[in-house]
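The values are calculated or read from the model by the stated rules, or taken from the named source; none is laboratory data. This is a predicted model, so every value here is computed, not measured. With ideal geometry, Cβ positions are generated from the backbone for all residues, glycine too; neighbour counts draw on all protein chains shown.
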Amino acid sequence: MLLNRYIFVQLLRTTFAVTSVIISIFWLFQTIRLLEMVINRGAAFSDFIIMSLAVIPLWLTIALPIGAFVAVNWVFHRILADRELTVMQAIGLSPMQIARPPIALGVIISITMLANSIYVLPSSFAVYKELQYNIRNTIPAILLQENVFIDVVDGMTMLINKHGSNGVATDVFIHDARNEGKIVTVIAETGKFEQTNGTPALVLRNGKRAELAGNTKNSAMLFFDSHTMSISASAVPKSERSQIDMNEDTITNLFDPEKSPGPDYLNQRLAEGHYRILSPFLGLTLILFATAIMLRGQIRGDLWGRRAAANIICGIGAIIVLVMSRSLVTSSPELFPVMYACVLIPIGTCLWSLNGNWRKTLSQLHIKETKT
């Protein structure tokens, strides 16, 4: 019991460390792209933090199985180098008894990834896509230069005195001729770009609005504390968000044809639904591959290189086969059992190998042939 706990703790720590490193690498590359978008659009720093955290559950579906696979190989290599694994086999522990800690780790990872796939990923990715859409559809604050007249959209010219913090501009002047027969001039102390009902808008504070109607001399003057102006060409329809990304949709909706944006997406959504169910068990599959190969036969240090190479080949092969089966189901939905076979057959085979039933079966067959 203490031995199993010792190995399990080592596996858990190493898995956490390797997964953290992988996610950090993903986060670093993602940060460069997000920072560029956030800075160019003048978005708040809090938006950058939220977007960075909201996409982590998607990376976790890749990083955690790989982290666990690396952890099993590393920990077994270390305890083999310290002769601990050899002693375990010498005192009579069976491969299945030694494999209990990595199997327990695989079960925990599968349960965690299943909860992530069903609940966490759709919610977090929906936050990410919504925030991404809002930022991309705002007028870039960097577009405006201090003390320079800029045509923001056709028919609207803007001048600001100075850029402030959080995208707030001071001493704003706007000449609006988008509507035929009417010219609007607005002067305000401050202005900030925001998103209002799918349309970029400018929220003005403490100013006045003058309106001149066509060729007449009729005009109107309005003083305001707060005034919102839409920043879009009059002929352009209101921007709306496209269909929901599959990563932010629930598994139930992925299997429901009525929830599909169109018939062309049915097969792709069906394959994604099966993949979301199976991908949490990829970690268990990789762990069992590494464990079964490492504990097969006599445990010797000189065989470590061959077994490590076999582990890497089998691990990469399992990932490739699952991805290929997903593509196969996208083109032929009736072949979805192939996806389940790509995960369940390796799990069953590895457990059977660790349990030693194949040795008993071969021994019984050999005895029968001898008697015959």
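If you scan the stretch 65-93, which residues turn out to be closer than 18 Å to residue 5 by Cβ, of a type outside the set (Val, Ile, Thr) and not in a helix (DSSP H, G or I)? Listed by number, the residues that qualify are 82, 93. Among the numbered conditions (1) in contact with a Leu (Cβ under 7 Å, 6 or more places away or on another chain); (2) at pLDDT 90 or above, the only one that residue 299 does not meet is (2).
Within the stretch 78-100, residues that are of a type in the set (D, E, K, R) reach partners that are modelled with pLDDT of 80 or more and surrounded by 13 or more Cβ atoms within 10 Å (Cβ to Cβ) with beta carbons closer than 6 Å, at six or more positions or on different chains, in the pairs 100/4. If the condition is being surrounded by fewer than 12 Cβ atoms within 10 Å (Cβ to Cβ), in contact (Cβ under 8 Å) with a residue 60 or more places away in the chain and assigned to a helix (DSSP H, G or I), then the stretch 295-335 contributes only 331. Evaluation of residue 56 against the conditions (1) under 22 Å from residue 130 (Cβ atoms); (2) surrounded by 21 or more Cβ atoms within 10 Å (Cβ to Cβ); (3) modelled with pLDDT of 85 or more shows that the sole unmet condition is (2). When the stretch 5-30 is filtered for residues that are surrounded by 15 or more Cβ atoms within 10 Å (Cβ to Cβ) and at pLDDT below 85, only 30 remains.
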